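Just below is one structure, and these are the notes that go with it.
The values are calculated or read from the model by the stated rules, or taken from the named source; none is laboratory data. Keep in mind the model is a prediction, meaning the values are calculated, not measured. Note that we place each Cβ from the backbone using ideal geometry, even for glycine, and neighbour counts take in every protein chain shown. Ligands, DNA and RNA are excluded from the accessible area calculation, which covers all protein heavy atoms including side chains. Shrake-Rupley method; radii C 1.70, N 1.55, O 1.52, S 1.80 Å.
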Amino acid sequence: MAKKHELSSTNGNLPKHVAIIMDGNGRWAKKKSLPRIAGHRAGVKALQKIVNFSAKEGIKVLTVYAFSSENWKRPRTEVSMLMELFTTSLQQRFKELHHNNVRLRFIGDLSSFPEKLRQSMTDTEHLTTNNTGLKLVVAVNYGGRWDITNAFKALHKKISDEVMAADDISEDLIGEFMCLSDLPEPDLFIRTGGEKRISNYLLWQLAYTELYFDDCLWPDFDTASLETALQWYAGRERRFGRTSEQIEHA
Ligand code: IPE
Ligand code: IPE
Ligand code: MG
């Protein structure tokens with residue numbers, strides 16, 4: 001079968017959770033003398049292929065950064081075109097996602113989005129809630145610092161309502177109040193577009209994630225590029241603070 005052949009060099013060592021910063025849409029468009037929005041549209045197409053491939057290969061969770069809390073600082077026209085693109089893409093791509101048994105979730109501060117878009121997001125979450133395949137998490141108006149701040153606010157409320165005591169605070173407890181706390185932590189982080197930074201993505205959740213950077217611009221990132229990243233991941237030794245010898249004898 002093609003699937004076995006394609007990923008044979010990962011020795012079955014697939015990440016459960018892959019987190020991606022899909023960067024480089026604007027530069028891709030510029031290189032082709034197209035408007036930036038054309039790059040974002042091509043980016044949606046690239047995402048659909050990566051989602052289908054991940055679902056087929058048995059990756060459990062894919063979390064993608066579609067719009068950061070800082071992206072509001074972009075020119076107003078780009079922001080409003082992006083909002084339009086999110087809405088139409090959800091409408092157009094929903095059927096295929098649902099057909100592929102994908103379960104959708106959005107993380108981030110959705111309250112700042114236009115009502116129509118927010119409604120589409122919650123509708124698709126509800127409609128796919130019983131799907132048992134790939135969990136696709138889309139981070140929109142998300143920021144790692146926003147996530148941590150929210151966790152602190154929620155914890156503070158529990159303590160002031162006397163549901164919890166300050167002494168109960170632990171790393172595990174803080175983690176429970178963060179986005180994605182019900183899912184395995186990201187095993188593999190991929191950033192396309194050549195920048196080597198986290199840009200306020202999953203700051204808490206990436207503590208022990210393997211970091212992979214690809215110079216290719218997001219619209220050009222295809223299943224072969226993902227396969228290369230997965231092969232690189234399969235060769236990593238994840239020590240979580242232990243020594244190599246301890247890992248070998250575990
Ligand atoms: C990522 O591509 C998509 C979003 C941030 C919405 P960019 O738009 O950042 O593309 P570059 O980095 O300018 O090429
Ligand atoms: C990160 O890309 C956010 C998304 C891909 C959605 P940016 O292009 O916004 O990141 P910076 O500004 O280069 O760090
Ligand atoms: Mg960018």
Legend entry - Candidates GLU162, GLU176 - the one that is more than 16 Å from ligand 3 (Cβ to nearest atom), closer than 22 Å to LYS16 by Cβ, loosely packed, with under 15 Cβ neighbours inside 10 Å and more than 14 Å from the chain's Cα centre (by Cα): GLU176
Inset, instruction - Filter region 36-62 down to the residues that are free of Cβ contacts under 8 Å to residues at least 60 places away in the same chain and more than 21 Å from LYS135 (Cβ to Cβ), then identify the one that is most open to solvent (accessible area, probe 1.4 Å). - result: ARG41
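To keep it simple, each residue is scored yes or no on (1) without any contact (Cβ under 8 Å) to a residue 40 or more places away in the chain; (2) outside any loop (DSSP other than H, G, I, E, B); (3) open to solvent by less than 20 Å² (accessible area, probe 1.4 Å); (4) touching a Phe, Trp or Tyr at 6+ places or on another chain (Cβ under 6 Å).
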| site | (1), (2), (3), (4) |
| --- | --- |
| TYR201 | no, no, yes, yes |
| LEU211 | yes, yes, no, yes |
| CYS216 | no, no, no, no |
| PRO219 | no, yes, no, yes |
| THR228 | yes, yes, no, no |
| TYR233 | no, yes, yes, no |
| ALA250 | yes, no, no, no |
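The rows are residues; the columns are (1) among the acidic types (Asp, Glu); (2) touching a helix residue (DSSP H, G or I) at 6+ places or on another chain (Cβ under 8 Å); (3) assigned to a helix (DSSP H, G or I).
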| site | (1), (2), (3) |
| --- | --- |
| ASN130 | no, no, no |
| GLY133 | no, yes, no |
| ASN141 | no, yes, no |
| THR149 | no, no, yes |
| LYS153 | no, no, yes |
| LYS157 | no, no, yes |
| GLU162 | yes, no, no |
Legend entry - Pairs with Cβ under 6 Å, 6+ apart, first in region 147-159 and among the small types (Gly, Ala, Ser), second in a helix (DSSP H, G or I): ALA151/ILE174
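Consider LEU82 carefully, then state whether it is surrounded by 17 or more Cβ atoms within 10 Å (Cβ to Cβ), within 16 Å of ligand 3 (Cβ to nearest atom) and assigned to a helix (DSSP H, G or I).
Numbers: surrounded by 17 or more Cβ atoms within 10 Å (Cβ to Cβ): yes; within 16 Å of ligand 3 (Cβ to nearest atom): yes; assigned to a helix (DSSP H, G or I): yes.
So LEU82 fits the description; yes.
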Inset, instruction - Give region 10-28 a look and list any residue that's part of a loop (DSSP other than H, G, I, E, B) and within 16 Å of ligand 3 (Cβ to nearest atom), or say none. - result: MET22, ASP23, GLY24
